[in-house]
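Report on one structure; see the data block that follows.
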Amino acid sequence: MTEENLRLLEDVYKQYINPIKPLLAEIEALYEKFPLQLYNEIRALNDHVARAFVVGSEIKCKEQISKAESHVNRIILDCYKCLNLYYKRESESFDRSIASVEPRDDVEMALLLDYGKLSDDAVRLVEYAKINEKQDDKDAAYQNFEKAYLAYRALHGFIIKNRRQVFRLHRKRIFRFVRAALWAVITFVLGCVITNNNQAIWNWLKSLFR
């Protein structure tokens with residue numbers, strides 16, 4: 001194998017070591033399983049690398065390395081897509097948990113605004129990447145999927161750091177609702193007692209169990 005082909009093959013394995021291996025480890029940690037499409041791409045990558053050593057021609061060897069490089073790019077892209085999907089679902093779940101939270105001061109408002117900006121940035125970058133794919137602009141799609149992954153990672157970090165505080169705001173809202181409902185019941189009962197309107201209390205209690 002020529003020095004040029006060895007250098008090209010070395011570049012393939014450098015990309016496999018970084019960023020592919022850390023991305024694969026992250027996917028396994030989050031999904032607790034390995035997506036089938038990534039298995040197929042890695043198998044195809046290794047197949048072309050093996051063929052590069054046995055084809056018997058430096059031109060054909062270079063062709064096989066080139067095909068291996070294309071699989072490297074697909075693996076990285078698929079990793080970004082898998083991770084973006086996971087973090088998107090995580091943020092959607094977090095969205096539902098804070099949908100009814102009402103900030104009561106500037107600090108709480110700033111917290112929710114920061115979260116909204118991070119979420120919007122990640123979603124927008126994925127949309128850009130999908131448009132790039134439809135336009136067959138592979139370089140732009142790769143860059144935007146990578147940027148979207150980094151944006152989702154930042155969003156994930158924000159959720160992990162602030163979720164207890166946000167859930168505390170959510171619990172405070174529930175407590176305020178329960179307190180208001182309890183006060184309304186107490187006011188109603190006291191009003192009926194003061195006016196000696198026991199029948200109204202009895203009718204209200206019966207309505208609860210209909």
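Points to keep in mind about this one:
- Protection proxy ranking, peptides 101-112, 60-71, average beta carbon neighbours within 10 Å, highest first: 60-71, 101-112
- Distance between the C-alpha centres of the range 62-81 and the range 1-29: 10 Å, rounded to the whole angstrom.
- Per residue Cα convex hull volume in Å³ - calculated over the range 1-150: 129 Å³
- Straight-distance candidates among the aspartates and glutamates for linking to Lys130, with alpha-carbon spacing under 17 Å and chain neighbours fewer than 8 residues away dropped: Asp78, Asp120, Asp121, Asp139, Glu146.
- Taking the protein heavy atoms of the range 1-153 in the context of the full set of protein chains, the accessible area attributed to carbon and sulfur is 51 percent at 1.4 Å.
- Anchor Lys21: lysines whose Cα lies under 23 Å away (excluding residues fewer than 8 positions away in-chain): Lys33, Lys67, Lys81, Lys88, Lys138, Lys147
The values are calculated or read from the model by the stated rules, or taken from the named source; none is laboratory data. In this text the structure is predicted, and so the values were computed from the model without any measurement. Positions of Cβ are generated from backbone atoms using ideal geometry, with glycine treated the same way; all protein chains shown enter the neighbour counts. Heavy atoms of the whole protein, side chains included, go into the accessibility calculation; ligands, DNA and RNA do not. Shrake-Rupley method; radii C 1.70, N 1.55, O 1.52, S 1.80 Å.
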